[in-house]
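The next block holds one structure in the form of structure tokens; read it before the comments.
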Amino acid sequence: MTTTPPASSELPQALQGSWLRFLDVYEPLRPDLYRYCRNLTASPWDADDLVQDTMARAFTTLGCMNEAPPNPRAWLFRVASNLWIDRVRRLRKERQVEPDRARSSEPRAAREAAGTLIARLSPQESAAVVLKDAFDLTLEEIAEVLSTTVGAVKSALHGGRGKLMELPESEPPAPARAVLDAFCAAFNAGDLARLTSLLLDTAEIEVVRVHTEYGPEAARKGVFQGMLFGSRMLAEADKRGGIDPRFMQGALPTLPRVEWRVHRGEPILLHWYAHKDGEFVRGITRVDTEGDRLSRVRNYFYTPDVLAEICGELGVPCRVNGYRYFWPTAG
């Protein structure tokens, strides 16, 4: 019996259903996957990007497989390893082609990829060292993850540990202080119009892993609206929905406040939410600027691993919001 493929208008809903079922199975593995990616990348931001790319690649690859992988965690590590190896090889090739440009204006991701591990180790060596030292996988398990032999793993571990050394991090130039001050002033005044006016017409505004918008008008109706007034939904999540009620954690409907601090040389915005037992950071925002305007805004709200790590390094209290704003379909 043949089935008629869904019309293009039905595809988003069909894909969303499959994606949610995929998350129900694989999302519990995110903490381990983040820890693996974090050890590879030397940056929480790049680790989160690699996790995101890995989950997307795993989802599409799973749709082409006849049977689900017997060891989901090892399989996710394999997908992440392949993506990381390809990324580092591509980066190194670009540096060989344009060494002067790479030194003078390389993006943060490129600099982070040249961090402690990657500067001295090959991609296979770095992955083998992380899998062994951080996760205590057996040689056979590492060989499975890296699609290689036990002998090659032994060689990678020996070579990688011999090269491993700490190197100082290079940090990007800070966005204009005036833009950050203006953002905080508008946000803390609850002035949505003034906040929106800081955006370029071509600005990209993203709640990482959840939603992306373009331009001031979309941000005014969407992400910025939620950033300013979403605390009310959080405080009443058990009645209104919009976030898993398990993450209410005594939140109050009081408007959040924001301040900027420097983390590893990069200014970031911390979003403080009022709770019955005090204030806690529940979101972090990174911005890119052009002149006195914002060209990109990335809000890390549904990224518990990143939130916990950054707040821990800054010494500020935080509460996390889970990986998504809805209940798993399994209940």
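Coordinate-derived values only; no laboratory data. Computed from a prediction, not measured in an experiment: that's the story for all the values here. Here the Cβ positions follow ideal geometry from the backbone for every residue, glycine too, while neighbour counts run over all protein chains shown.
Residue-wise HN-Hα couplings along the range 188-203, as the Karplus relation 6.51 cos²θ - 1.76 cosθ + 1.60 with θ = phi - 60° gives them from phi, are 6, 8, x, 9, 5, 5, 5, 5, 5, 5, 7, 8, 5, 4, 9, 5 Hz; Gly and Pro carry x.
Remark on Ala203: its backbone amide H falls under 5 Å from those of Gly215, a criterion applied only to residues 5 or more positions apart or on other chains, H modelled at 1.01 Å from N.
Quote the relative contact order of the range 177-314 in percent (integer), defining contacts as alpha-carbon pairs under 8 Å separated by 6+ residues.
Numbers: 244 pairs, mean separation 31.6, N = 138.
Relative contact order here is 23 percent.
A straight Cα-to-Cα reach below 22 Å connects Lys132 with the lysines Lys154, Lys163, residues fewer than 8 places away in its own chain not being considered. Around the amide H of Val320, modelled in the peptide plane, lies no amide H under 5 Å away from a residue 5 or more places distant or on another chain. Hydrodynamic radius of the range 177-314 by the Kirkwood approach over all distinct alpha-carbon pairs: 15.2 Å.
Charge tally for Ala218 (other residues, Cβ to Cβ under 14 Å; Lys, Arg +1; Asp, Glu -1): -2.
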